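Quick notes on the structure that follows.
The values are calculated or read from the model by the stated rules, or taken from the named source; none is laboratory data. Since this is a predicted model, take the numbers as computed values, not measurements. Here the Cβ positions follow ideal geometry from the backbone for every residue, glycine too, while neighbour counts run over all protein chains shown. Remember, those area values only see protein heavy atoms, side chains included, never the ligands or the DNA or RNA. Shrake-Rupley method; radii C 1.70, N 1.55, O 1.52, S 1.80 Å.
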Amino acid sequence: MKILVVGASGRVGGDLVKQLLADEHQVIGTTRQKEKLFDNDNYTQLDLDITASKDSIEKQLDQDIEAVYFVAGSGGKNVLEVDLHGAVKTMQAAQDKGIKRYIMLSSVFSLETDKWDENPGIADLKEYYISKHYADHWLVNNSSLDYTIVQPGALKERAGTGKITINDTSSGENAIEDVATTLAAVLTADNTIGKVFNLHNGDIDINEAVATV
């Protein structure tokens with residue numbers, strides 16, 4: 001497949017691109033960095049400014065892209081422009097371009113605001129969570145995209161286990177590699193279309209867990 005990865009230079013984005021390339025997909029990675037991130041014939045790079053207008057974003061997208069991943073993040077510096085408005089504009093651009101498959105990297109309980117006060121870590125990220133909430137809400141309720149929203153808990157830079165638990169009541173922690181593997185797995189898992197699920201490190205093989213969504 002020909003896949004656009006918005007946020008290819010991020011922690012999750014980098015691991016995701018590696019896995020997609022290993023699966024022999026064609027990947028277009030977006031980054032503001034000048035140097036090419038991956039030395040692979042199936043990888044090309046796009047300096048896509050998601051704070052620009054929707055029309056500007058749309059004009060830069062190839063007509064034959066088959067799926068979009070949104071794994072970009074502002075790092076808390078510009079959550080409204082990037083995590084909310086930037087995300088929604090990529091959804092609108094994909095939809096206008098006729099791209100159906102859209103996979104969103106979100107955050108645990110982003111759509112369950114009643115759980116925010118139960119998880120102390122969320123209080124420190126309230127503006128980010130509000131932005132993710134409304135971006136996810138737009139994707140679910142205002143788009144016609146074949147979406148999947150993947151909601152990990154805290155991201156940790158440690159070796160992946162290849163195993164997760166999904167739709168648990170606790171937020172938990174996630175090895176970044178396992179989040180990327182999960183994102184790659186949902187690409188062709190039609191049972192995840194129109195679904196939202198949370199995950200953290202657990203004891204179920206990632207492909208088996210994704211099959212149960």
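For the chain, compute the orientation-averaged projected area of the C-alpha convex hull (one quarter of its surface), in nm².
Details: hull surface 43.4 nm².
Spelled out: convex hull of the Cα atoms, projected over all directions, averaged, 10.9 nm².
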Exercise. Do the sum for the chain: with -39,500 (n - 2.57) for every DSSP H run of n ≥ 4, divided by all residues, what is the mean residue ellipticity at 222 nm, to the nearest 500 deg cm²/dmol?
Worked result: -9000 deg cm²/dmol
Problem set entry | Solvent exposure of the chain as accessible area per residue, Å², 1.4 Å probe | 46
For this session: Please quote Rg/Rh for the stretch 32-133 to two decimal places, taking the Kirkwood radius as Rh and restricting both calculations to Cα atoms.
Result: 1.02
Exercise. Once amide H atoms are built 1.01 Å from N in the peptide plane, which residues 5 or more positions from Asp146, or in another chain, come under 5 Å H to H?
Worked result: Arg101, Tyr102
For this session: For the stretch 29-40, just list the computed ³J(HN,Hα) in residue order, Karplus coefficients 6.51, -1.76 and 1.60, θ = phi - 60°, integers in Hz, with x standing in for Gly and Pro.
Result: x, 9, 6, 8, 6, 7, 6, 6, 6, 9, 8, 8
Exercise. Reachable aspartates and glutamates from Lys59, Cα under 14 Å, same-chain residues fewer than 8 places away excluded?
Worked result: Asp47, Asp49, Asp96
Seminar exercise, completed: For Ala175, other-chain or 5+-apart residues with amide H closer than 5 Å (H placed, Pro excluded) are Lys156, Asn201
For this session: With an 8 Å cut-off on Cα pairs and a minimum separation of 6 or more residues, tell me the relative contact order of the chain in percent.
Result: 19
Problem set entry | ³J(HN,Hα) computed for each position of the stretch 16-23 - Karplus, 6.51 cos²θ - 1.76 cosθ + 1.60, integer Hz, glycine/proline x | 5, 4, 4, 6, 5, 5, 4, 8
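Could you count how many Lys pairs in the stretch 64-213 have their Cα atoms under 15 Å apart, skipping same-chain pairs fewer than 8 positions apart? Write down the numbers at each step before the final one.
Details: Lys77/Lys126; Lys77/Lys132; Lys89/Lys97; Lys89/Lys100; Lys89/Lys132; Lys100/Lys195; Lys115/Lys126; Lys115/Lys132.
Count of close lysine pairs: 8.
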Problem set entry | Global size of the stretch 169-213 as Cα Rg and Dmax, reported in angstrom | 10.2, 27
Seminar exercise, completed: Computed D for the stretch 99-184, Stokes-Einstein, Kirkwood radius over alpha-carbon pairs, 4 °C, 1.567 mPa s, to the nearest µm² per second, is 94
Seminar exercise, completed: Taking protein heavy atoms only, a 1.4 Å probe, and rounding to whole percent, the accessible area of the chain owed to carbon and sulfur comes out at 45
For this session: Sort out for me the Cα centre separation of the stretch 1-73 from the stretch 94-110, rounded to whole Å.
Result: 14
Exercise. Length gain on complete extension for the stretch Asp41 to Val140, per 0.36 nm per residue less the alpha carbon to alpha carbon distance?
Worked result: 32.2 nm
Problem set entry | Calculated from backbone phi, Karplus (6.51, -1.76, 1.60) coupling profile of the stretch 106-120 in Hz, x at Gly/Pro | 10, 9, 3, 6, 4, 9, 10, 5, 5, 8, 5, 6, 7, 10, x
Exercise. Sequence-distant or interchain residues sharing an amide H contact under 5 Å with Ser74, placed H: which?
Worked result: Asp83
Problem set entry | Simple Cβ-charge dipole of the stretch 77-213, Lys/Arg +1 and Asp/Glu -1, about Cα centre, in debye nearest 20 | 460
